[in-house]
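Below: the structure, in structure tokens.
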Amino acid sequence: MSATGIGAAVRRKEDHRFITGQGRYTDDVNRPGQAQAYFLRSPHAHAKIKSIDTKAAAAMPGVLGIFTGADLAADKIGGLICGWMIHNKDGSPMRAGAHPALAQGRVRYVGDHVAVVVAETLAQAKDAAEAIVVDYQELSAVVETAKAAGAKTVIHDEAPDNTVFNWHLGDKDATDKAFKAAKHVTKLDLVNNRLVPNAMEPRAAVGDYDAGEGIFTLYTTSQNPHVARLVLSAFIGIAPENKLRVIAPDVGGGFGSKIFIYAEETVCVWAAKKVGRPVKWTADRTEAFLSDAHGRDHVTHAELATDADGKILALKVHTTANLGAYLSTFSSSVPTYLYAPLLSGQYDIPAIYCEVDAVYTNTAPVDAYRGAGRPEATFVVERLIEVTARQLGKDPAKFRLQNYIRKFPHQTPVIMAYDTGNYAASLKKALEIIDYKGIGKRKRDSARAGKLRGIGFSSYIEACGIAPSAAVGSLGAGVGLWESAEVRVNPIGTVEVLTGSHSHGQGHETTFAQLVSDRLGIPIDNVSIIHGDTDKVQMGMGTYGSRSGAVGMSAIYKAIDKVIAKGKKVAAYVLEADEADIDFADGNFTVKGTDRKLDFGSCALQAYVAHKFNGQELEPGLKEGAFYDPTNFTFPAGVHICELEIDPQTGVTKIDRWAAVDDFGVVINPMIVEGQVHGGIAQGVGQALLEGARYNSDGQLVTASFMDYTMPRADDLPSFDVGMTVTPCPSNPLGIKGCGEAGAIASPPAVINAITDALGHEDIAMPATPQAVWRAAQKSISRLAAE
Amino acid sequence: MTTVSLTVNGKAVSANIDPRTLLVQFLRENLRLTGTHVGCDTSQCGACLVHIDGKAVKACTTLAVSVDGAAITTIEGLAQDGKLHPMQEAFREHHGLQCGFCTPGMIMSAVDMVNRRGHELDEKTIREDLDGNICRCTGYHNIVKAIAAGAEAMGKAGVTTRQAAE
């Protein structure tokens, strides 16, 4: 392994600009003549708009334009779309209501977009927005996930019972039969709490219109600028693709929330032409809470059947998923194909049946958030496994070992064909790291100090890459989920790689360059990674689903293969040898059995000067592109163990130690991969202990700032012990499985399993805040007293 | 409009501003020093943290006119003569950042922590003192390591924080 090649902990190339304050985020972009947009949002969860009077506001100082849904409709600007079609059990398509970028006659959640004011300054835009008179007729609101279906209030006429779809997966008859034969059935009711992604950079957009060329440019906080361009062009109708450039510069975290195409960027780019000025909008934090797509929000009943020996026979799940007031871009895929196919976990479960009812409510749209469906599935499976082990009187580690899948490939009853894995190896390593043998003594020590100590396991699996395209297409995806790359070699041998992946914290500028440096044998500083601009990168699908390594880097790998193949042809001419006799290794083209060689940089120069070959026989230049479509999903898996201590007097939970052992396949940069694991665990711990988006019964979001919504801070978390096992992924050339979501998927059940172990009962929901834990601990104490 | 005069990263600046202009707006919009970020507008996340007369202050809830005459240091003013401050180096070396958005505030907060608490910082102290800065990417693990290492490096290099920062 070279110091900068695959497997090396190379320090990040992108860091210099970030640590010196030179990063360039969307809000840092300022265009000449730029105006500011401010969105007037609905204060009501559900209301008819009888009228909007903008006359007084339009006369306020600095106002350049005020627009409503009627203006968008007049310009034939289409509504926002949901790009994944789900079919009901009876085969009929899901019932999707219209989703205008600015409200047309009705608002459906607090924060819904009523009008936009464009003014010289933000203060002027805000002042003018206050002068807009909207006559609302309030309607009753539907807020609770479990009560939405069939509620009297109908949110969209298209979905008369507030149900978007009733969907199912698996074999109901086989599952029912297995349950009848079971000796033990574990039943659990679970709520997967609603979360707000809260990337530290709020969403922002700058729309610009070049009247001379007729070209729109949109700078936006996007994880996938090409998908944004596709949707804005083909569905919303801003402009044809060749007249619309989308740039996602440095993006300050996404976690899913910046995949989607929102109202604000749509309106900003459209309004730039209307007012003839660039238009900027940046969310403040409360706007982000109100209008970013939220995550999770499932209500689930699940049952697990085992035989007399504890062998799992079947799993049955019913979930109600809240999709909010409108269908966000990929919302329908999250509680369906990103959820139920993961319900087999790491276990050999012969029969599984899952039903999902997706509902509309008068709350912000819900869509993919780090893990997207897979954390929800893992929470169901790992809570059931832990509780079943307890009810059967089995050690939770041994119960898992007993039921792990051991032969690969393994076809689950819910679509997925797992390719590789060694779940027992991860468990063994995690047990060593956490010192499982010593847990009894540590529990006694805690008890002596008046504390309750618990240990909780989570054996998670995820499906990453979200491809092959043909597979996701057959499941309802509106797009193909391949990735593209172009490797441009310059005449002196430096390289630019254009990728359709997008980095918003993942360190692609480093890891992708490591791959190129490794394969072409050139210094890493000679490699630049270019992403996030539709004028530079021809097409790409962006970054989510832990797909940039497995899919994005595989595309680069394929393009490099082509560069090397072309280089061999050039070298054959220069070295006057047969092409079949040319080898390439360590940055040199050599002729087999001779000492003749041509280094990569000289080969590039020869390719461009084209003096040594006939341009009719071999094209000059050295630039190759590739599209890569995987042959399967990838299946990262691992074991996380959380050990914690509860103070029953205060309800405060202190995580004492954390062991994480993950199998991500081949790792390009262990430093970056471990960082991804740390961050994922922190988000999962946040879900388990601290975070919860709460609407009151009127549909007001009462957790709409960092003062009301508890973000994990440094003193809420421990340091983490991270280990790895490796089974290379067979479905891509690099053997990568993906690592971005693992921590967030694994950690919530590990925490709750540890808390319930400490408490001695299962009666606690997420977030297990000090108040909730204190109440639950009092129940433990009174039970102990009764015994 | 009101006139405000400040020293920012060692340079005297003076401007005529709307009295309601926040310090972070003044830095970002008037001076185009966009390294100082706005993450929450309520003093919770610390992305906007700068040093005012050597002390850490959140610029998103500070009126520019209220610091008239003060010396401000932002992330852009931390490196001296093209040489990174030891705390900046430590964040890179220990992978203390991912998306980079909270990073300027984190680094300015860390330097202030060393100012107040010295060069030997244990994990507990760092975690408790970092309560005013939120990061969504790193889980804080590597930020804590970076701050401990940066504090030590500042001691070894004989960089007093005020020399480096002001």
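The values are calculated or read from the model by the stated rules, or taken from the named source; none is laboratory data. The model shown is predicted, which means the values in this text are computed figures rather than measured ones. Here Cβ is always computed from backbone atoms with ideal geometry, including for glycine, and neighbour counts include all displayed protein chains.
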Please verify whether the range A:296-311 includes one or more residues that are among the hydroxyl-bearing types (Ser, Thr, Tyr), at pLDDT 95 or above, within 26 Å of A:Val472 (Cα to Cα) and touching a Lys or Arg at 6+ places or on another chain (Cβ under 9 Å).
no
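For every residue, the table says whether it meets (1) of a type in the set (S, T, N, Q); (2) in the same structural domain as A:Tyr326 (by TED's automatic domain parsing); (3) more than 29 Å from A:Ala693 (Cβ to Cβ); (4) part of a helix (DSSP H, G or I).
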{"residue": "A:Asn242", "(1), (2), (3), (4)": "yes, no, yes, yes"}
{"residue": "A:Arg245", "(1), (2), (3), (4)": "no, no, yes, no"}
{"residue": "A:Glu264", "(1), (2), (3), (4)": "no, no, no, yes"}
{"residue": "A:Val267", "(1), (2), (3), (4)": "no, no, no, yes"}
{"residue": "A:Ala271", "(1), (2), (3), (4)": "no, no, yes, yes"}
{"residue": "A:Lys274", "(1), (2), (3), (4)": "no, no, yes, yes"}
{"residue": "A:Arg277", "(1), (2), (3), (4)": "no, no, yes, no"}
{"residue": "A:Lys280", "(1), (2), (3), (4)": "no, no, no, no"}
{"residue": "A:Thr286", "(1), (2), (3), (4)": "yes, no, no, yes"}
Among the candidates A:Ala205, A:Ala228, A:Ala239, A:Ala211, residue that is out of contact with any Leu (no Cβ under 9 Å at 6 or more places or on another chain), at pLDDT 95 or above and over 30 Å from A:Tyr353 (Cβ atoms)
A:Ala211
Take the residues in the range B:61-91 that are surrounded by 22 or more Cβ atoms within 10 Å (Cβ to Cβ) and within 8 Å of another protein chain (Cβ to nearest Cβ), then tell me which one is farthest from A:Glu14 (Cα to Cα).
B:Thr74
Check A:Asp763 against each of (1) away from chain B (no Cβ under 14 Å); (2) among the charged types (D, E, K, R); (3) in contact (Cβ under 8 Å) with a residue 40 or more places away in the chain and name the one condition it does not meet.
(3)
Name the single residue that is surrounded by the most Cβ atoms within 10 Å (Cβ to Cβ) among those in the range A:453-488 being out of contact with any Gly (no Cβ under 8 Å at 6 or more places or on another chain) and part of a strand (DSSP E or B).
A:Ser458
Conditions (1) closer than 24 Å to A:Tyr418 by Cα; (2) within 9 Å of another protein chain (Cβ to nearest Cβ); number of the one not met by A:Asp663
(2)
Can you list residue pairs whose Cβ atoms sit under 7 Å apart, with the first residue in the range A:695-708 being at negative phi and the second being among the charged types (D, E, K, R) and assigned to a loop (DSSP other than H, G, I, E, B)? Count only pairs 6 or more apart in sequence or on different chains.
A:Val702/A:Arg694; A:Val702/A:Asp708; A:Thr703/A:Arg694
Mind listing just one residue for me: the one in the range A:152-178 that is buried (at least 18 other Cβ atoms within 10 Å of the Cβ) and farther than 29 Å from A:Phe255 by Cα and, of those, farthest from the other protein chains (Cβ to nearest Cβ)?
A:Ala178
A:Gly651 - would you say it is at positive phi and touching a Lys or Arg at 6+ places or on another chain (Cβ under 6 Å)?
no
Only unsatisfied item for A:Lys311, checking (1) buried (at least 23 other Cβ atoms within 10 Å of the Cβ); (2) on the phi < 0 side of the Ramachandran plot, is (1)
Starting from residues that are at the interface with chain A (Cβ under 7 Å from one of its Cβ atoms) and part of a helix (DSSP H, G or I), keep the ones in the range B:95-116 and report whichever is farthest from the chain's Cα centre (by Cα).
B:Thr103
Do you know which residues across the range A:626-660 are more than 14 Å from chain B (Cβ to nearest Cβ), surrounded by fewer than 22 Cβ atoms within 10 Å (Cβ to Cβ), charged (D, E, K, R) and farther than 30 Å from A:Asp419 by Cα?
A:Glu645, A:Asp647
State whether one or more residues within the range B:117-132 are buried (at least 24 other Cβ atoms within 10 Å of the Cβ), within 11 Å of chain A (Cβ to nearest Cβ) and of a type outside the set (D, E, K, R).
no
Which condition number does B:Leu121 fail, the rest of (1) more than 19 Å from B:Val38 (Cβ to Cβ); (2) in a helix (DSSP H, G or I); (3) in contact (Cβ under 8 Å) with a residue 12 or more places away in the chain being met?
(2)
The range A:179-204, residues that are more than 14 Å from chain B (Cβ to nearest Cβ), among the hydrophobic types (A, V, I, L, M, F, W, C) and touching a Lys or Arg at 6+ places or on another chain (Cβ under 7 Å)
A:Phe179, A:Leu188, A:Leu190
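Could you list all residues from the range A:681-731 that are touching a Pro at 6+ places or on another chain (Cβ under 8 Å) and within 14 Å of another protein chain (Cβ to nearest Cβ)?
A:Ala682, A:Gln683, A:Gly684, A:Val685, A:Gly686, A:Gln687, A:Ala688, A:Leu689, A:Leu690, A:Glu691, A:Thr710
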Answer with yes or no whether A:Thr756 is of a type in the set (Ser, Thr, Tyr) and touching a helix residue (DSSP H, G or I) at 6+ places or on another chain (Cβ under 6 Å).
no
Going through (1) in contact (Cβ under 8 Å) with a residue 24 or more places away in the chain; (2) assigned by TED's automatic domain parsing to the domain that holds B:Val159 one by one, B:Glu128 fails only at (1)
Only one of A:Glu382, A:Glu386 is acidic (Asp, Glu) and closer than 23 Å to A:Gly740 by Cβ; which?
A:Glu382
Please enumerate the residues belonging to the range A:310-334 that are assigned to a loop (DSSP other than H, G, I, E, B) and touching a residue at least 60 places away in the same chain (Cβ under 8 Å).
A:Gly310, A:Lys311, A:Leu323, A:Gly324, A:Ala325, A:Tyr326, A:Leu327, A:Ser328, A:Thr329, A:Phe330
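Each row is one residue, and each column tells you yes or no for (1) within 14 Å of chain B (Cβ to nearest Cβ); (2) under 20 Å from the mean Cα position of the chain (by Cα).
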| site | (1), (2) |
| --- | --- |
| A:Asn224 | no, yes |
| A:Leu230 | no, yes |
| A:Phe235 | no, no |
| A:Glu241 | no, no |
| A:Ser257 | yes, yes |
From the list B:Gly10, B:Gly46, B:Gly39, B:Gly54, exactly one residue is in contact with a strand residue (DSSP E or B) (Cβ under 7 Å, 6 or more places away or on another chain) and among the small types (Gly, Ala, Ser). Which is it?
B:Gly46
Close pairs (6 angstrom Cβ cut-off, 6 or more residues apart or separate chains): more than 7 Å from chain B (Cβ to nearest Cβ) and within 11 Å of B:Cys99 (Cα to Cα) in the range A:9-22, surrounded by fewer than 23 Cβ atoms within 10 Å (Cβ to Cβ) and not aromatic (Phe, Trp, Tyr) anywhere:
A:Glu14/A:Glu509
Condition met for B:Arg28 (within 13 Å of another protein chain (Cβ to nearest Cβ), among the charged types (D, E, K, R) and surrounded by 22 or more Cβ atoms within 10 Å (Cβ to Cβ))
yes
Please verify whether the range A:703-720 includes one or more residues that are assigned to a strand (DSSP E or B) and assigned by TED's automatic domain parsing to the domain that holds A:Val773.
no
Yes or no: B:Arg127 part of a helix (DSSP H, G or I), modelled with pLDDT of 95 or more and either in contact with a Leu (Cβ under 8 Å, 6 or more places away or on another chain) or polar (S, T, N, Q) (or both)?
yes
